[in-house]
Amino acid sequence: MQNIDNTEYIELLKKAEKSVMYVTNRPEIIFTKGEGSYLWDSNGNKYLDMIAGWAVCCLGHSSPVMVEAMTQQAKVLINPSPAFYNKPAIEFASLLTEISCMDKVFFINSGAEANEGAIKLARKYGQKYLNGAYEIITTWNSFHGRTLAMMAASGKKKWENLFEPKPKGFKRVNYNDIEDLKQAISKDTCAFMLELVQGEGGVVAADKTYIKQVRELCDKNNILLIVDEVQTGLGRLGHMFAYESYGIEPDIMTLAKGIGGGFPLSATLAKDKVCCFEAGDQGGTYCSTPLATAVGKAVVDEIIKSDLCNNAKLVGEYFIGQLNKLKEKYSFIKEIRGSGLLLAIGLHKEVANQIKDECMNKFLLVNAPNDSTIRFMPPLNISNTEVDETISILDEICSHIS
């Protein structure tokens, strides 16, 4: 752990205020070490981390598996240029197609970029095979990233007037409403994109009947189904991919967050029939680097080897049971949402940020995606013991909420 005395701590905060661009309200905490499900700050305080970098650190902080893969690959080849093949990228792409229903993979760096790739691929498909169709239908309350196009695609009402004019060609419908989707489809529609669980939207799951109807409707209208699994993919819900639990297969799928275990990496995956890019249509300076893909493969290999999908399922069920006990005890808790290790407490009162802040004061890190939701997205390898620690702190804090 990096030792920082009080003088240096104050100096670092001054430097941060002067040099780090403001984009969010950050607490005056400087983290210096991470291991497993815990983080340590510059004062030596130990925090139980139930955020995990926003569902990113799926193997926990500073996973030995990742450190080994990163170290060994960095010694031999980091980035030969995306214009050439490299062994780690080939092997990782092969692994992802083996464990999913997809046929081809394009690696890039972030969830927003993966979703941009999915949109570009769908529009290219529309140009070639759907008489120039270009429109993408998405859902309200969705989140697909922070590029201008993905902000236009996302269903966050507070973003509607930000950074105008945003890219056009997106239409939003109500989530879990098949009739709304039917009405929205037109001759210009090339794809429907959605999250099977709206993570940033507060852990709101799609109804299984609705998703089967969506798949049938897309097939009937010859449009593509894009599933954004940036937050739900690779074990988060107790299945390797969320689409498996819904009994459908998408035409295009996006992965990020847990795919690199904390290292910047994402992927756009697609069925063979959809892969219609021509040379120059898609790319990126840091796409398919051997360093990133070596780490990604090590992460997914560990998820498989240690059966972390099953651990997420079992510990998630235990976690839900303990959260429901809190619900029975405190009337301001409305419901418990989610599955696996993507869970949320829905509140009758808008006290989520208060609870989040009080949790931090007791060295527990949770997320409040909105004023009435507390979200949990811990590492996939957490134990019931860490759940109990979380519940104990929440119980104490809830007992003081009036």
Sole exception among (1) part of a loop (DSSP other than H, G, I, E, B); (2) of a type outside the set (Val, Ile, Thr); (3) closer than 23 Å to Ile99 by Cα; (4) over 22 Å from the mean Cα position of the chain (by Cα) for Lys273, by number: (1)
When you scan region 1-103 for helices (runs of 4 or more DSSP H) that lie fully inside it, which ones turn up with 2 or more residues that are without any contact (Cβ under 8 Å) to a residue 24 or more places away in the chain? 6-19, 64-76, 87-99
Check on Asn161, at pLDDT below 95, out of contact with any Gly (no Cβ under 8 Å at 6 or more places or on another chain), farther than 22 Å from Leu237 by Cβ and surrounded by fewer than 16 Cβ atoms within 10 Å (Cβ to Cβ): yes
For Met150: the one exception among (1) within 30 Å of Val300 (Cα to Cα); (2) surrounded by 24 or more Cβ atoms within 10 Å (Cβ to Cβ); (3) in contact with a helix residue (DSSP H, G or I) (Cβ under 9 Å, 6 or more places away or on another chain); (4) touching a residue at least 40 places away in the same chain (Cβ under 8 Å): (4)
Does region 242-252 contain at least one residue that is under 27 Å from Ser306 (Cα atoms), among the charged types (D, E, K, R) and surrounded by 24 or more Cβ atoms within 10 Å (Cβ to Cβ)? no
Out of all the residues in region 323-348, which are among the charged types (D, E, K, R) and either modelled with pLDDT under 95 or under 20 Å from the mean Cα position of the chain (by Cα) (or both)? Arg337
Report yes if some residue within region 326-344 is assigned to a strand (DSSP E or B), among the charged types (D, E, K, R) and surrounded by fewer than 15 Cβ atoms within 10 Å (Cβ to Cβ); otherwise report no. yes
Tell me, please, whether a residue that is among the hydroxyl-bearing types (Ser, Thr, Tyr) and in contact with a His (Cβ under 9 Å, 6 or more places away or on another chain) can be found in region 244-251. yes
Among the residues of region 281-325, the number that are over 21 Å from Ile99 (Cβ atoms), charged (D, E, K, R) and part of a helix (DSSP H, G or I) is 2
Could you tell me which residue of region 221-249 is nearest to Leu269 (Cα to Cα), considering only residues that are more than 12 Å from the chain's Cα centre (by Cα), without any contact (Cβ under 8 Å) to a residue 40 or more places away in the chain and in a loop (DSSP other than H, G, I, E, B)? Ile248
In region 238-260, is there at least one residue being acidic (Asp, Glu) and under 20 Å from Ser339 (Cα atoms)? yes
Unique match (being in contact (Cβ under 8 Å) with a residue 60 or more places away in the chain, basic (Lys, Arg) and more than 25 Å from Ser154 (Cβ to Cβ)) among Lys297, Lys257: Lys297
For region 205-220, check the following and say yes or no: at least one residue is more than 18 Å from Tyr243 (Cβ to Cβ) and part of a loop (DSSP other than H, G, I, E, B). no
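The values are calculated or read from the model by the stated rules, or taken from the named source; none is laboratory data. Values in this document were obtained by computation on a predicted structure and should not be read as measured data. FYI the Cβ positions are ideal-geometry reconstructions off the backbone, even for glycines, and counts take in every protein chain you see.
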